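Encoded as structure tokens, the structure appears first; notes follow it.
The values are calculated or read from the model by the stated rules, or taken from the named source; none is laboratory data. Keep in mind that this is a model prediction, so the values were computed, not measured. Backbone-built Cβ (ideal geometry, glycine too); neighbour counts: all protein chains shown.
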């Protein structure tokens, strides 16, 4: 189908004739619609196979004209509208230093779990890593001091396990302290006491705190 909407609008008769002649050949063998407001222009197309402009064709023409006019109006309105919500960029939320990324929460959880494990293991060890004769309790006023019994120190296995846990805790702590989130906080202006507060908040954030024994029993 070939459709032309007011192709001869605002043209003089000679130019109008040239326009119509130019589109006669492309219109051969096709359904061609020339939308115009002047009867004479329609009649000039009769040689291309168009019939008389009957009352029916007039009504059809005016109906089509109204459709095209409405379409042009909608297109003009659409071109003046701002981009759709789907295309408009989403507004960025204000930066929240406490909106910790998941990997940072996981690193903090790992550090907390290792700290608890190391602390619990250390409680089972002799009070001195090396053999020690100990000392008696001091009860004299102003010199009070708890005594320590003699100890053979830690075994090789105990030292190895303690060192393993301590090194794992050191690495986990370094992962938390060196996480890119803190650099991002600095770029966003989170510094000084605000940054200290964010670091402390992480220790109590959801997903960064080990479950207590009562929590495990309640979950089970």
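It is to be established whether one or more residues within the stretch 90-101 are under 18 Å from residue 210 (Cα atoms) and either within 45 Å of the chain's Cα centre (by Cα) or surrounded by 10 or more Cβ atoms within 10 Å (Cβ to Cβ) (or both). For the stretch 90-101, residues under 18 Å from residue 210 (Cα atoms) and either within 45 Å of the chain's Cα centre (by Cα) or surrounded by 10 or more Cβ atoms within 10 Å (Cβ to Cβ) (or both): present. Among the residues here, residue 193 qualifies as under 30 Å from residue 98 (Cβ atoms) and surrounded by fewer than 16 Cβ atoms within 10 Å (Cβ to Cβ).
Report yes if residue 109 is over 22 Å from residue 211 (Cβ atoms) and either surrounded by 16 or more Cβ atoms within 10 Å (Cβ to Cβ) or in contact (Cβ under 8 Å) with a residue 60 or more places away in the chain (or both), otherwise no. For residue 109, the condition - over 22 Å from residue 211 (Cβ atoms) and either surrounded by 16 or more Cβ atoms within 10 Å (Cβ to Cβ) or in contact (Cβ under 8 Å) with a residue 60 or more places away in the chain (or both) - is not met.
The sole residue among 92, 117 that is in a helix (DSSP H, G or I) and either closer than 28 Å to residue 191 by Cβ or modelled with pLDDT of 95 or more (or both) is 117. When each of 178, 153, 134 is tested for being touching a strand residue (DSSP E or B) at 6+ places or on another chain (Cβ under 9 Å) and modelled with pLDDT of 95 or more, the lone residue that passes is 153.
Screening residue 127 with (1) part of a helix (DSSP H, G or I); (2) touching a strand residue (DSSP E or B) at 6+ places or on another chain (Cβ under 8 Å) gives one miss only, at (1). The set of residues in the stretch 149-191 being free of Cβ contacts under 8 Å to residues at least 40 places away in the same chain, over 28 Å from the mean Cα position of the chain (by Cα) and not in a loop (DSSP other than H, G, I, E, B) consists of 151, 156, 157, 158, 159, 160, 163, 164, 167, 170, 171.
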